[in-house]
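In what follows, a single structure is set out as structure tokens and then discussed.
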Ligand SMILES: Cc1cc2nc3c(=O)[nH]c(=O)nc-3n(C[C@H](O)[C@H](O)[C@H](O)COP(=O)(O)O)c2cc1C
């Protein structure tokens, strides 16, 4: 089992979401402000409506944090679903009321396969948990990982590279540029791309359609040597891919220049090694995305993730009712157009969890100060290697 491991529970219209992360060292600053900041970032983004207005997510602490610092015990969090007041009877764990039954599986969602797998005849039992609402708790727990890593000088931030076929020019963006993208309604760095993206979202909305896209996550300030080639499941890029593809609607992950590496000769792919006395070993480029042989190189870590367009469309797709076996068109009154800007924050959270675990594996330690001390000594060794 991972040293840093977390679990979530809760349904989309139930009382709320609960989460526990275990393995958090003592002394990490954690406050409701720190967690709520990331929860609010997940709720922003051009192309979304409805529920985001209802739910202003706020964290509540149930364990592991005292007077603003973690205690070394499991951190337990709760985020209530504000909308639950309207669902109390439908979602009652007791008798309740058998209303809001769903027998019409929506294409592109877990509804049909989930119903078959778990032998449900009310597909609400599937979509309540398969909904991306669950990613709220991943983000809340990810904020704990963010604070831990920040104390060690590691920053993880993401931005949107494309929405539909509108693509930002590729650049090796700095941390400051990526942080500045926070003020963009589509969380993208380049202002002219931003205008084209919001126009594409408006067009898709008029057409009753939805859009996917690609986002990039970078980690700055990582020590050399996280992850390993020694066993298949210790390779860092493998862990990142599993974590990022576990987010609903994510369909592809690439590391560094990724897919494009397959199209060009090796001389245009690999990064030359450079040495200077002051800084020790480094690379002249970073096409590997900060990972070689499953291990961090000390260059910024770069991963990119492709999200499919949202499944719920205003323009209908065909499906069949599971009871009547009658065909129907899966039409809804309103739907979000895209959630790529929000998905960036979920992607950051998943990367943060992977990196927090990798740091614990490499440096161990029960308290933040113990780990920080070990990393300082390690960095000195690496510079002098
Ligand atoms: C942050 C976020 C928000 C999402 N919002 C919606 C949404 O509003 N409508 C929708 O149809 N799908 C939405 N999705 C995607 C679905 O949850 C997902 O496509 C579905 O559960 C099926 O899973 P799969 O695409 O991985 O097969 C969202 C995903 C994320 C990460």
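The values are calculated or read from the model by the stated rules, or taken from the named source; none is laboratory data. Predicted model, so just to flag it, every value in this text is computed and none were measured. FYI the Cβ positions are ideal-geometry reconstructions off the backbone, even for glycines, and counts take in every protein chain you see.
For region 246-264, the count of residues that are within 30 Å of residue 374 (Cα to Cα), more than 16 Å from the ligand (Cβ to nearest atom) and in a loop (DSSP other than H, G, I, E, B) is at least one.
When region 206-240 is limited to residues that are within 14 Å of the ligand (Cβ to nearest atom) and closer than 21 Å to residue 42 by Cα, the one that is farthest from the chain's Cα centre (by Cα) turns out to be 210. Residues that are modelled with pLDDT of 95 or more and farther than 22 Å from residue 347 by Cβ are absent from region 37-56. Cβ-Cβ distances below 7 Å connect no pair with a first residue in region 260-287 that is farther than 23 Å from residue 173 by Cα, a second residue that is at pLDDT below 95 and not in a loop (DSSP other than H, G, I, E, B), and a separation of six or more residues or different chains. A count restricted to region 282-335 and to residues that are outside any strand (DSSP E or B) and more than 20 Å from residue 104 (Cα to Cα) stands at 15. Entry remark, region 119-128: residues being more than 10 Å from the ligand (Cβ to nearest atom) and surrounded by 17 or more Cβ atoms within 10 Å (Cβ to Cβ) number 4 in total. Given the options 176, 155, 151, name the one that is surrounded by fewer than 20 Cβ atoms within 10 Å (Cβ to Cβ), in contact with a strand residue (DSSP E or B) (Cβ under 6 Å, 6 or more places away or on another chain), at negative phi and at pLDDT 95 or above. Only one candidate passes the filter, namely 155. Give the number of residues within region 8-50 that are part of a strand (DSSP E or B) and farther than 23 Å from residue 87 by Cβ. Total satisfying the criteria: 5.
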